[in-house]
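Notes to accompany the following structure.
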Amino acid sequence: MFVLDVDDLREVVNDIGSKISNPDEQFEKINYILERNYCIQLPRGLKYASTEKFGDVVSSPLVYERAINAILKRRILKGETKVIIKNPRALYRIGILGYDETIRLDLTVEGNVGNFFAASCNFDGVWIVKGNAENGLADKGYKGTIVVEGFATELAGQNNQATEFSNGVDILVRKGCMERAMGQARGGSLVTFGAGYNSGLYMSGGTLLNLDRPGKSFGPGMVGGTIYSPEGTTAGEGAKAVKLTRSDYTNIVQTLRKFKNELDIHGLERLSPENPKILLTSTINSVDTYDLRDFIKIVPKDK
């Protein structure tokens, strides 16, 4: 198992910044240490982008984002399949690896992640965020399983992909999502305990299962996919709310089964219109009963 503590990178960069003020020299020194310690190099274009946007290199979060992703790719190339990232402090765009071929990786992030964590991800394994996730969680994700133990802000699961070689990312957010969860999703699934306004916006595929508070204007402009949410949830323009059918129980079982261990679900295999209740753990210390007779389905209006 490989452990990457981002504070180790910060210590190096801050030390360089305390001794060197020239951006060119800062960049060369950072690259020297990254090559020595991690066998990676930052592209020269990053120096120009950092200087233009942040005034120098050591003040630039771009350095950390690119370095973390490059270190991950280097470890994967060496055959590593289990990685822990410590002290991310809501850094943007980490976990963006850009592999066309599916990789095997279990990743645990101890802390909050910023915008676009795991964007374009394509992996077998489980990525766990022991904190919150900001906008664009797993944006345009192709494959993988992601568990967020905190909450996610806007656009969780946005552009979730379904292609000839992938089915999309399966995401669990324990403390709920803000607006536009699964916006423009084409596949995959999102299980969440609360979802905000306009969730399911322009959905064309996939499943959004909201197990907590009713939401407003779910599914505006949707042309496919399925949303399940408690009664009281309102459908957006172009969508409609209908009652669950027997096939919906099957779909919900298949969706929840992906997180059976994480949610400690009881009664899942018996779930049906005749046995509509399940018991599961929404958060670490909260065990609740859910009765699917209290849920509705939101689909495109012409479906």
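The values are calculated or read from the model by the stated rules, or taken from the named source; none is laboratory data. In this text the structure is predicted, and so the values were computed from the model without any measurement. Cβ coordinates were reconstructed from backbone atoms using ideal geometry, including for glycine residues, and neighbour counts include every protein chain displayed.
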Of all residues in the stretch 34-80 being under 26 Å from ASP106 (Cβ atoms) and of a type in the set (S, T, N, Q), the one that is nearest to the chain's Cα centre (by Cα): ASN69
Unmet requirement for LEU72, which otherwise passes all of (1) under 25 Å from ALA118 (Cα atoms); (2) surrounded by 19 or more Cβ atoms within 10 Å (Cβ to Cβ); (3) out of contact with any strand residue (DSSP E or B) (no Cβ under 7 Å at 6 or more places or on another chain); (4) not small (Gly, Ala, Ser): (3)
Residue satisfying all of: in the stretch 53-67; touching a helix residue (DSSP H, G or I) at 6+ places or on another chain (Cβ under 7 Å), assigned to a helix (DSSP H, G or I) and of a type outside the set (D, E, K, R); nearest to GLU35 (Cα to Cα) among these: ALA67
Residue count for the stretch 100-129, restricted to those that are hydrophobic (A, V, I, L, M, F, W, C), surrounded by fewer than 23 Cβ atoms within 10 Å (Cβ to Cβ) and touching a residue at least 40 places away in the same chain (Cβ under 8 Å): 0
Pick from the stretch 140-182, criterion touching a Leu at 6+ places or on another chain (Cβ under 7 Å) and surrounded by fewer than 24 Cβ atoms within 10 Å (Cβ to Cβ), ranking: nearest to ALA119 (Cα to Cα): VAL147
From ILE71, ILE33, ILE76, residue being assigned to a helix (DSSP H, G or I), of a type outside the set (Lys, Arg) and farther than 30 Å from GLY141 by Cβ: ILE33
Pick from the stretch 140-194, criterion among the basic types (Lys, Arg) and in contact (Cβ under 8 Å) with a residue 60 or more places away in the chain, ranking: nearest to LEU107 (Cα to Cα): ARG174
Residue within the stretch 269-277 that is within 22 Å of the chain's Cα centre (by Cα) and closer than 19 Å to ASP170 by Cβ present: no
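Quick one: which residue in TYR99, TYR142 is assigned by TED's automatic domain parsing to the domain that holds LEU190, under 19 Å from LYS73 (Cα atoms), in contact with a Ser or Thr (Cβ under 6 Å, 6 or more places away or on another chain) and among the aromatic types (Phe, Trp, Tyr)? Give the derivation first.
Values: TYR99 fails: in contact with a Ser or Thr (Cβ under 6 Å, 6 or more places away or on another chain).
So the residue among TYR99, TYR142 that is assigned by TED's automatic domain parsing to the domain that holds LEU190, under 19 Å from LYS73 (Cα atoms), in contact with a Ser or Thr (Cβ under 6 Å, 6 or more places away or on another chain) and among the aromatic types (Phe, Trp, Tyr) is TYR142.
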From GLU231, GLU269, GLU274, residue being more than 15 Å from GLY157 (Cβ to Cβ), out of contact with any Gly (no Cβ under 9 Å at 6 or more places or on another chain) and at pLDDT below 95: GLU269
Evaluation of SER60 against (1) exposed (fewer than 15 other Cβ atoms within 10 Å of the Cβ); (2) closer than 30 Å to ASN122 by Cα; (3) free of Cβ contacts under 8 Å to residues at least 24 places away in the same chain (one fails), failing number: (1)
Which numbered condition ARG246 fails, given (1) in contact with a Lys or Arg (Cβ under 8 Å, 6 or more places away or on another chain); (2) at pLDDT 95 or above; (3) not acidic (Asp, Glu): (1)
Selection status of PHE295, surrounded by 12 or more Cβ atoms within 10 Å (Cβ to Cβ), under 24 Å from the mean Cα position of the chain (by Cα) and touching a residue at least 60 places away in the same chain (Cβ under 8 Å): no
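Restrict the check to the stretch 105-112 and report whether at least one residue is assigned to a strand (DSSP E or B), at pLDDT 95 or above, closer than 17 Å to VAL147 by Cβ and polar (S, T, N, Q). Don't jump to the end; show me each part of the working.
First, pick out the residues of the stretch 105-112 that are assigned to a strand (DSSP E or B): 106-110.
Next, from what is left, pick out any that are at pLDDT 95 or above: 106-110.
Next cut, closer than 17 Å to VAL147 by Cβ only: 106-110.
This time we only want the ones that are polar (S, T, N, Q), so: 108.
For the stretch 105-112, residues assigned to a strand (DSSP E or B), at pLDDT 95 or above, closer than 17 Å to VAL147 by Cβ and polar (S, T, N, Q): present.
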Extreme residue, nearest to PHE193 (Cα to Cα), among residues of the stretch 216-256 that are part of a helix (DSSP H, G or I) and charged (D, E, K, R): ASP248
Top-ranked residue of the stretch 1-26 - restricted to ones that are closer than 15 Å to SER50 by Cβ and small (Gly, Ala, Ser), ranked as surrounded by the fewest Cβ atoms within 10 Å (Cβ to Cβ): SER21
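Assess whether ASN261 counts as being assigned to a loop (DSSP other than H, G, I, E, B) and without any contact (Cβ under 8 Å) to a residue 24 or more places away in the chain.
On the way: assigned to a loop (DSSP other than H, G, I, E, B): no; without any contact (Cβ under 8 Å) to a residue 24 or more places away in the chain: yes.
No: the conditions fail for ASN261.
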